[in-house]
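The values are calculated or read from the model by the stated rules, or taken from the named source; none is laboratory data. This one's a predicted model, so the numbers in the text were calculated from it and none came from an experiment. Glycine also receives a Cβ, built like all others from the backbone with ideal geometry; neighbour counts cover every protein chain displayed. For the accessible areas, the whole protein counts, side chains as well, though only heavy atoms, and no ligand, DNA or RNA atoms are used. Shrake-Rupley method; radii C 1.70, N 1.55, O 1.52, S 1.80 Å.
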Amino acid sequence: MIGYQIYVRSFRDGNFDGVGDFKGLKGAISYLKELGVDFVWLMPVFSSISFHGYDVVDFYSFKAEYGDEKDFREMIEAFHDNGIKVVLDLPIHHTGFLHTWFQKALKGDPHYRDYYVWASEKTDLDERREWDNERIWHPLEDGRFYRGLFGPLSPDLNYDNPQVFEEMKKVVYHLLEMGVDGFRFDAAKHMRDSLEQNVRFWRYFLSDIEGIFLAEIWAEARVVDEHGRIFGYMLNFDTSHCIKEAVWKENFRVLIESIERALVGKDYLPVNFTSNHDMSRLASFEGGLSEEKVKLSLSILFTLPGVPLIFYGDELGMKGIYRKPNTEVVLDPFPWSENMCVEGQTFWKWPAYNSPFSGVSAEYQKKNRDSILSHTMRWAGFRKENHWLDRANIEFLCKEEKLLVYRLVDEGRSLKVIHNLSNGEMVFEGVRVQPYSTEVI
């Protein structure tokens, strides 16, 4: 299985307004099939006021620029007709500040006030987030404080209220009825206060629904494993970072440790990726990777157990350095052609890193057999021919700083993978491996 993460606004335009939309996504299906994509993960598509969409104003309507319900259903049908599943990013931890529920709560409606989390006399109003020390409690003009773990525009929902739980289950049922195949649950680690409570919440929430469930749990292996048994698919932040760190440092040690920690002996499918919307892009990791190192990173991605997931444009070597608060710089328009003047091209903002005639376009790289895109397509083809690799066991044969060799095994099938992280040719058991290259035998 191969996944592909898409920021709709930046991907493909279907109505000539320069903004990506549902009609445009239908026009991108042939490209996604060339990449061997089995499912797409669409970042939030619901009504919201932000560019990223994680502050949902209405879970039952879509961003107007993306299209309406008819456009959405037609897009789903087109993907399904081509054998591609659709996974939606669903941020149910909170709503947007302008959601009807929160606006009614602000006006004193006791029913909706209990949909959110409010400070009491015992609340520590100076409580901070563990990862960046930002405030969690936000003031209103009347002296009240509400909890917003992800900022003042995103008030936390109160899941101690069973009505909130049922409201969000209704959202899930509605989207499944529309043909959605699964969800990527944003901030899945933060639904409840403790690990035990969080696991219990998700077990109950997912108990009567089926689909592809991707969980964002950026935590130590024990916490990831506990959730993985419920979700079935876990975004593997550990190994995904260590692939890039190992290639950047030219030392496999950190990757070997990560594989042993995050990929061995799991009873769920780790989802390995190159980058995403919350981090710098693969090609810009630690200030920038060379093209040969970008290719090697992708080679490793496609030759590990679990599900490979591509962040749109990483297959072209798109660049982008993640810096708050201007995080949209990693969401540049996808370059369909070199001049970026072609039907389907989005241009909702000027590219921060991937400007016209930079060599980073689907048109240019398709014509070049040595491009990052051609390289990615070859590995995707390899993966399509070896679906069993998703659940394969991994056995290390050589664990050196510059040479990593392992065997992938599953029910009588096996492959030997050799990665060379040096700038010179290396030989393993008679097999010659070129600098920064991978061989599979």
_Choice from Arg113, Arg253, Arg129 with maximal GNM fluctuation in the chain (Cα, 10 Å cutoff)_ = Arg129
*Run through the DSSP bridge list for the chain and note the antiparallel percent, rounded to the nearest 5.*
50
*With axes computed from alpha carbons, what is the tilt in degrees of helix 69-81 against the longest principal axis of the chain, rounded to the nearest 10 within 0 to 90?*
30
*Under a 5 Å amide H to amide H cut-off, with H placed in plane at 1.01 Å, what residues pair with Ser61 once short-range neighbours are removed?*
Ser47
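Assign unit charges at the C-beta atoms only (+1 for Lys and Arg, -1 for Asp and Glu), then state the dipole size of the chain relative to its Cα centre in Debye, rounded to the nearest 20.
Working: 52 positive and 69 negative charges, 143 e Å.
Roughly 680 debye for the chain.
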_Identified option (computed volume of the Cα convex hull per residue in Å³; candidates (1) 146; (2) 169; (3) 136)_ = (1)
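With a Förster radius of 51 Å, plug the Cβ-Cβ distance of Phe347 and Leu397 into 1/(1 + (r/R0)^6) and report the FRET value to the nearest 0.05.
Numbers: r = 49 Å, r/R0 = 0.95.
About 0.55, to the nearest 0.05.
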*asked:* What are the ³J(HN,Hα) couplings of region 243-254, residue after residue, when phi is run through the Karplus curve with 6.51, -1.76, 1.60 and θ = phi - 60°? Round to Hz, x for glycine and proline.
replied: 4, 5, 5, 5, 5, 5, 7, 6, 8, 7, 4, 5
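Could you tally up the Lys pairs in region 1-110 with alpha carbons closer than 15 Å? Skip any pair fewer than 8 positions apart unless they're on separate chains. Display every interim value, and only then the final one.
Values: Lys23/Lys63; Lys23/Lys70; Lys26/Lys70; Lys26/Lys85; Lys33/Lys85.
Step by step, the pairs that qualify in region 1-110 add up to 5.
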*To the nearest whole percent, what portion of all C-alpha pairs in region 229-357 is separated by more than 18 angstrom?*
56
*Pull up the cross-link candidates among the aspartates and glutamates for Lys367, meaning alpha carbon to alpha carbon under 13 Å and not fewer than 8 places away within one chain.*
Glu338
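What net charge is computed for the residues neighbouring Glu425, neighbours being all others with C-beta under 13 Å from the C-beta of Glu425, Lys and Arg scored +1, Asp and Glu -1?
Details: positive: Lys402, Arg432; negative: Glu439.
After counting each charged neighbour, the total is +1.
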_Amide H of Ile2 versus every other amide H placed in the peptide plane: which residues, excluding those fewer than 5 positions away on the same chain, fall under 5 Å?_
Asp38, Phe39
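Which percent of the accessible heavy-atom area of region 280-346 goes to carbon and sulfur, probe 1.4 angstrom? Mind showing how you got there, number by number?
Values: 860 of 1870 Å².
Result for region 280-346: 46 percent of the exposed heavy-atom area is carbon or sulfur.
How much accessible area per residue does the chain have, counting only protein heavy atoms and a probe of 1.4 Å, in square angstrom?
42
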*Could you work out the relative contact order of region 87-138, using alpha carbon pairs under 8 angstrom and six or more residues apart, expressed as a whole percent?*
18
*With Cβ to Cβ distances under 11 Å as the rule, what net charge do the other residues near Phe16 carry (K, R +1; D, E -1)?*
-3
_If I fit a long axis through the Cα atoms of helix 162-177 and take the longest principal axis of the Cα atoms of the chain, what angle between them do I get, 0 to 90°, rounded to 10?_
50
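What full-extension length gain, to one decimal in nm, is calculated for Asp132 and Val409 as 0.36 nm per residue of separation minus the Cα-Cα distance? Before the final figure, lay out the partial values.
Values: separation 277, 0.36 × 277 = 99.72 nm, distance 4.12 nm.
Gain on extension, Asp132 to Val409, equals 95.6 nm.
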*Tabulate in residue order the Karplus-calculated ³J(HN,Hα) for region 427-441, using 6.51 cos²θ - 1.76 cosθ + 1.60 with θ = phi - 60°, rounded to whole Hz; enter x for Gly and Pro.*
10, 10, 6, x, 8, 8, 10, 5, x, 6, 10, 10, 10, 10, 10
*asked:* Rounding to the nearest 10 and keeping the result within 0 to 90°, find how far the Cα-based axis of helix 195-205 lies from the longest principal axis of the chain.
replied: 80
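Given the -39500 (n - 2.57) contribution per DSSP H run of 4+ residues, what per-residue ellipticity at 222 nm results for the chain, rounded to the nearest 500 deg cm²/dmol?
Details: 14 runs with 131 residues, N = 441.
About -8500 deg cm²/dmol.
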*Top mean-square fluctuation among Val342, Val330, Val405, Gaussian network model of the chain, C-alpha springs under 10 Å?*
Val342
*Which residue, Gly320, Gly182, Gly265, has the most motion in a Gaussian network model of the chain that connects Cα atoms within less than 10 Å?*
Gly265
*Magnitude of the charge dipole, region 361-421, Cβ model with Lys/Arg +1 and Asp/Glu -1, debye to 20*: 200
*Relative contact order (percent, whole number), region 1-120, Cα cutoff 8 Å, 6+ residue spacing*: 22
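In percent, what relative contact order does the chain have, based on Cα pairs under 8 Å that are 6 or more apart in sequence? Walk me through the numbers on the way to the answer.
Details: 890 pairs, mean separation 61.3, N = 441.
Contact order relative to length: 14 percent.
Which semi-axes, in whole Å and largest first, does the equivalent ellipsoid of region 257-303 have when worked out from the alpha carbon gyration tensor as the square roots of 5 times its eigenvalues?
Result for region 257-303: semi-axes of 23, 13, 9 Å.
Report the local net charge at Glu401: Lys and Arg +1, Asp and Glu -1, summed over other residues whose C-beta lies under 10 Å from its C-beta. Don't jump to the answer; show the numbers that get you there.
Values: positive: Lys249, Arg253, Lys399, Lys402; negative: Glu250, Glu400.
Result for the neighbourhood of Glu401: +2.
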